[in-house]
Amino acid sequence: MFRLVSLNLNGVRSAATKGLVPWAESVSADCMGVQELKVHVDDMPAPLKSIAGMNGHFHHAEKKGYSGVGMYTKHEPSDVIIGLGEADPSGEFDPEGRYVELRFDKPGRKLSLISCYFPSGSSSDERQQAKFRFLDMIEPHLARLREDREFILIGDVNIAHKEVDLKNWKGNLKNSGFLPEERAWMTKLLDPAGRTRLVDVYRHLHPDTTEECYTWWSNRGQARAKNVGWRIDYHLATPALAETARQAAVFKEQWFSDHAPLTVDYDFSL
């Protein structure tokens, strides 16, 4: 069984003070994708560069204290892709540290695990427009990747796809993260007849769950205590890998950030 975890840390140093490392050791993950490191790799404390027997690979933002993603792994990748490179021809998003891809290729198999942090558009219309540009850029990249290899993208997508994916959907119809354009983008990404044809693994395993599925809660209005949450963290897999998923769970017994870890067990090995 292959255990894969996704977690937005809202600062890796902050999460470490809240028990991230001993928790990771108890989970026994094979790989753990993290988002919002909020630290330059050169400034990251050495004990956080490897966690629970997993070596880390990171894409930090140029701006200190901002964004950044990483993938911790117990398995030696055949290649490490830091940033979107040519897939981001404008060069707008790689300086923000949003994409790291580990490849585990061997004869007869091409497989990637990706940690990705999609922009949030909640702070301003300018950032919402940047989010739309990111969506327009990342979808064809994933479509091309899918033509070449199997992969699982894990991370904070900053979109709740359907009404069942957030508590107060009626009150958020005009808010970033639940806009019609964003939800339509997710529908297109997951369309079995589309060019990407990815699978939302959690929904594949739990098609009808509501409150149990939330992975993020606002720090305002006692949202966590009232469980007024959103499901914005995902495992998005190519169909063959999605079919190997056996169980998925959101961990809420301990808090490391405003997000909760999403863990999926798959029946494959590297």
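Condition first: surrounded by 16 or more Cβ atoms within 10 Å (Cβ to Cβ), outside any loop (DSSP other than H, G, I, E, B) and either at pLDDT below 95 or among the acidic types (D, E) (or both). Now tell me which residues in region 88-130 satisfy that.
Answer for region 88-130, where residues must be surrounded by 16 or more Cβ atoms within 10 Å (Cβ to Cβ), outside any loop (DSSP other than H, G, I, E, B) and either at pLDDT below 95 or among the acidic types (D, E) (or both): D94, E96, E101.
Say we look at region 195-210 and pick out the residues that are in a loop (DSSP other than H, G, I, E, B) and in contact with a strand residue (DSSP E or B) (Cβ under 8 Å, 6 or more places away or on another chain); which of these is nearest to A143 (Cα to Cα)? Steps first, answer last, please.
First pass over region 195-210, keeping only residues in a loop (DSSP other than H, G, I, E, B): 195-198, 206-210.
In the following step, the residues that additionally are in contact with a strand residue (DSSP E or B) (Cβ under 8 Å, 6 or more places away or on another chain) were identified as 198, 206.
Numbers: L198: 9, H206: 25 Å.
The extreme case among them is L198.
Looking only at region 153-161, decide whether some residue is part of a helix (DSSP H, G or I), of a type in the set (A, V, I, L, M, F, W, C) and closer than 21 Å to V250 by Cα.
Within region 153-161 (the criterion being part of a helix (DSSP H, G or I), of a type in the set (A, V, I, L, M, F, W, C) and closer than 21 Å to V250 by Cα), the answer is no, since none of the residues qualifies.
In the list A249, A223, which residue meets the criterion of being free of Cβ contacts under 8 Å to residues at least 12 places away in the same chain, among the hydrophobic types (A, V, I, L, M, F, W, C) and either assigned to a loop (DSSP other than H, G, I, E, B) or touching a strand residue (DSSP E or B) at 6+ places or on another chain (Cβ under 7 Å) (or both)?
Just a single option satisfies the conditions, and that option is A223.
Quick check on region 164-191: of everything there that is in contact (Cβ under 8 Å) with a residue 12 or more places away in the chain and over 18 Å from F118 (Cβ atoms), which residue is surrounded by the most Cβ atoms within 10 Å (Cβ to Cβ)?
K167
Tally the residues that are touching a residue at least 24 places away in the same chain (Cβ under 8 Å) and of a type in the set (K, R), restricting the search to region 19-61.
1
For Q254, indicate whether it is of a type outside the set (A, V, I, L, M) and more than 26 Å from H75 (Cα to Cα). I'd like the intermediate steps shown before the answer.
Details: of a type outside the set (A, V, I, L, M): yes; more than 26 Å from H75 (Cα to Cα): yes.
So Q254 fits the description; yes.
Report, by residue number, each residue of region 76-87 that is in contact with a strand residue (DSSP E or B) (Cβ under 7 Å, 6 or more places away or on another chain), among the small types (G, A, S) and either at positive phi or not in a loop (DSSP other than H, G, I, E, B) (or both).
Within region 76-87, G83 is the sole residue that qualifies.
It is to be established whether one or more residues within region 141-151 are surrounded by 20 or more Cβ atoms within 10 Å (Cβ to Cβ), small (G, A, S) and either in a helix (DSSP H, G or I) or modelled with pLDDT of 95 or more (or both).
no
From the set of residues in region 95-107 that are of a type outside the set (V, I, T) and either free of Cβ contacts under 8 Å to residues at least 12 places away in the same chain or touching a Cys at 6+ places or on another chain (Cβ under 9 Å) (or both), which is farthest from I138 (Cα to Cα)?
P107
For the condition in contact with a strand residue (DSSP E or B) (Cβ under 9 Å, 6 or more places away or on another chain), under 21 Å from Y99 (Cα atoms) and of a type in the set (F, W, Y), what is the one hit in W216, W230, W185?
Every option except W216 fails the conditions.
The values are calculated or read from the model by the stated rules, or taken from the named source; none is laboratory data. What you are looking at is a predicted structure, and each value in this text was computed from that prediction instead of being measured. Note: ideal-geometry Cβ built from the backbone for every residue, glycine included; neighbour counts use all protein chains shown.
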